[in-house]
Amino acid sequence: MLLSLMNEKEYIPMKLKELAILLDVPREERESLKEVLDALLAEGKISVSQKGKYAKAEIFAQTGIFTAHHKGFGFVTIEGRDGDVYVAPDNTGGAMDQDTVLVHVEEPQSGRRAEAVVVKVIQRAHTFVVGLYRKNSHFGFVIPDDPKITVDIFIPEGMDMGAVSGHKVMAKLTSFGGFRKNPEGMVTEIIGHVNDPGVDILSIVRAYGLPEGFSEDIMEETKAVPEELTKEVIAGEIKKGRLDLRGIPMVTIDGEDAKDLDDAVSMSKEIVDGRVMYHLGVHIADVTHYVREKSSLDKEALKRGTSVYLVDRVIPMLPHRLSNGICSLNAGCDRFALSCLMDLDEKGNVVGHRIAESVVRIDRRMSYTEVNEILTKEEGEPVGKETDSLISIICQMKEAAEALRGKRMARGAMDFDFPECKIILDEKGRPKDIKPYERNAATMLIEDFMLAANETVAEDYYWQQVPFLYRTHEKPDEEKIRKFGILINNFGYSIHLQNGEIHPKEMQKLLFKVSGSPEEALLSRLALRSMKQAKYTTDCTGHFGLAARFYTHFTSPIRRYPDLQIHRIIKENLHGNLGERRLSHYERILGEVAVWTSSRERLAEEAERETDKAKKVQYMERRIGEVFEGVISGMNPYGFYVELPNTVEGMVRVSELDGDYYVFNEECYEMVGERTGKKYKLGQPIRVQVVSVDRYLKTIDFLPV
């Protein structure tokens, strides 16, 4: 009766008393009416306003994004509301992870948290699922790889493409199920057997919807791109105003296994009016000369947004014919570039610059290892087969880089130096070693030059007031910084806040203080977690982490679409083609490009993390029973995480700790045993034994030794 009443068009939301009068419910039975209303609320069939007025579910329900937990419950993120709202396992309404849902929120009473009931799923996030196939006599199930999809997918007879138990498959969802009913689907691809080499990574590629090859149309378009530049083409471009920089010595400096070389550097030094002046050139592959706007190549590059670097493969943004061929600044080859030519004083100030189309010829391809040898050698010590002139240029680069870095640090830029890892695989794709990447003087030198070019380009185009893409990093949330401040007090450190906000210089000072201490890696990571994610925007709001007012991404158009888009704007501007029509065009499209490429960057990072986790679990699977030194890197009420020097992270569960009852103190991040008084504290060195791994959840379990 209540549902029928509330579904009538004429119904106006009413309070309990008004409903009782309307339905002729005597005063002594109003408690029963309240019980019925509460039951309907719990089932998500009706909703109630803050003022206690009842209506059908949609009236007072709110829209949010549902995040599932592998144990069955979930949380809903509602825009404009502080904190996520808990959803009990029985109240998810068949919602799956990342679905857009309509929820009724039961506001918290004293001592309780707010809870929500999913009233309706508005938009599904998943249409395909990747998982492990299990065959029964006349049907099958797909157990999703994503632990947040907490139900198996029923596959009716004849819908399995001949898959057998143990196959990794991709299934299209044909029905999303309901209360006590599993979703249904049909197998659309058999990826391979779970134990076949490469199937684990390919499953992640499929799960994240990452592309692999390029379509025939794109490959056909790519064939039109030349493999080398002819003298005639170069002469024609120089006639149009392209700078000929082939006589200037320049090098590429990259990792030994890099194939897409999109940046080169040049350096000279002179004394002007008794002062040192460095002439730094950062030369970036002119990708937009070949990838024209609205071409199939351009549309595909935008769709991908970025190259994705997985453990055993690279999924490029552009076909190899471009990225490893004509767009790669290979030594001894003539190449078109977009050059940022900067004049630096000895304090690292950019006192003059020019951005121009150029033609370059790289004198030497150098590796970080080679350059690091030159930068760190003792005086008089022989270095490889380098000529004196090349050594001299590298030493000048070192001086200029130190000046740039000094200026950046003086204004408060942060330098996070986390141990990243390289996972080395055998011929069957199994991890045989995990080695930390070493950041050396050569990698830092290239970072300094690329940052300088990015800042110079951003400032130039900001003052020209043309539509542009910037790389921005907002200030941290006050609450997160406050919590971080409390946490570091436990280690004897402090940060100064002004009106609840922090200046980058304060965070930089902290990182300098903890440098070399046992808790350095931990506090650096926690500092990073307290900050927001950098993203692409059309407004130049600055970069908090770099303490930079102007910043963009200009230096990697082979692997990042924003850089390619920026090059296109710069080139049009250089040619005087940014008239009203083109300015209006960029005003219209750049907002969407910024949001889309930011989301693609996050997706790529998640996929890269997942492949790393999968291989780390496989690596530790063969080391069950072994003992390692580590450090406590994170804590929650269920246990604490331990990170090993090779960057592998595992969990010590409270339930497995020596029979004592441990209490988690969130304020000072420590676990204390009630009976023994034994403490486990964030940042504490600890010896642990590997006790188990879970390939499905990609988790590793440790026990203290």
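The values are calculated or read from the model by the stated rules, or taken from the named source; none is laboratory data. Because the structure is predicted, anything quoted here is derived from the model rather than measured. Cβ coordinates were reconstructed from backbone atoms using ideal geometry, including for glycine residues, and neighbour counts include every protein chain displayed. The accessibility values were calculated without ligands, DNA or RNA, using every heavy atom of the protein model including side chains. Shrake-Rupley method; radii C 1.70, N 1.55, O 1.52, S 1.80 Å.
Return the whole-Å distance between the Cα centroid of region 582-606 and the Cα centroid of region 1-49.
48
Ignoring ligands, DNA and RNA, what percent of the accessible area of region 1-126 is carbon or sulfur (1.4 Å)?
It is 49 percent, rounded to a whole number.
Would you mind working out the accessible area per residue for region 89-129, using a 1.4 Å probe, and quoting it in Å²?
Solvent-accessible surface per residue comes out at 53 Å².
Based on the mean of other Cβ atoms within 10 Å per residue, sort peptides 478-489, 22-33, 231-242 so the most packed one is first.
So the order, starting with the most tightly packed, is 478-489, 231-242, 22-33.
Under 20 Å Cα to Cα from Lys377, which lysines show up? Leave out anything in the same chain fewer than 8 places away.
Cα-Cα hits under 20 Å: Lys385, Lys398.
Classify region 251-316 from the C-alpha gyration tensor, please: rounded if a/c falls under 1.5, else prolate or oblate depending on whether a/b exceeds b/c.
Oblate, because a/c is 1.5 or more while a/b does not exceed b/c.
Report ³J(HN,Hα) in whole Hz for each residue of region 7-20, in order, from the Karplus equation J = 6.51 cos²θ - 1.76 cosθ + 1.60 where θ = phi - 60°; Gly and Pro get x.
Computed from phi, the couplings for region 7-20 are 7, 6, 4, 7, 5, 10, x, 10, 7, 4, 4, 5, 5, 4 Hz.
Going by a ≥ b ≥ c, the root eigenvalues of the Cα gyration tensor, does region 561-705 fall in the rounded group (a/c under 1.5), the prolate group (a/b larger than b/c) or the oblate group?
prolate
Can you put Glu427, Glu300 in order of accessible area, largest first, using a 1.4 Å probe?
From most exposed to least exposed: Glu427, Glu300.
Taking H placed 1.01 Å from N in the peptide plane, check which residues at least 5 places from Leu425 or on another chain put their amide H under 5 Å from its amide H.
Under 5 Å from the amide H of Leu425: Lys432.
So what's the back-of-envelope 222 nm ellipticity for the chain, counting only DSSP H runs of four-plus at -39500 (n - 2.57) apiece and dividing by all residues, rounded to 500?
-9500 deg cm²/dmol
In what order, largest first, do Lys432, Lys509, Lys56 sit by accessible area if the probe radius is 1.4 Å?
Sorted descending by solvent-accessible area, the residues read Lys432, Lys509, Lys56.
Given (i) 1.04; (ii) 1.01; (iii) 1.10 as candidate values of Rg/Rh (Cα atoms, Kirkwood Rh), which corresponds to the one derived from the coordinates?
Structure-derived value, by its label: (ii).
Which of the helices in the chain meet the span-like rule: DSSP H, Cα axial reach of 30 Å or more, Kyte-Doolittle mean at least -1.0?
The qualifying helices are 388-411, 441-464.
Give me the net charge of Tyr536's neighbourhood, meaning all other residues with Cβ under 9 Å from the Cβ of Tyr536; Lys, Arg count +1, Asp, Glu -1.
Charge balance near Tyr536 sits at +1.
So which of Lys223/Lys299; Lys9/Lys45; Lys9/Lys34; Lys135/Lys432 end up more than 26 Å apart, counting from Cα to Cα?
Lys135/Lys432
What is the sum of charges, Lys and Arg at +1 and Asp and Glu at -1, for the other residues whose Cβ falls under 10 Å from the Cβ of Ile284?
Here the count lands on -4.
Just to confirm a number: summing +1 for Lys and Arg and -1 for Asp and Glu over residues other than Leu33 whose beta-carbon lies under 12 angstrom from that of Leu33, what do you get?
-2
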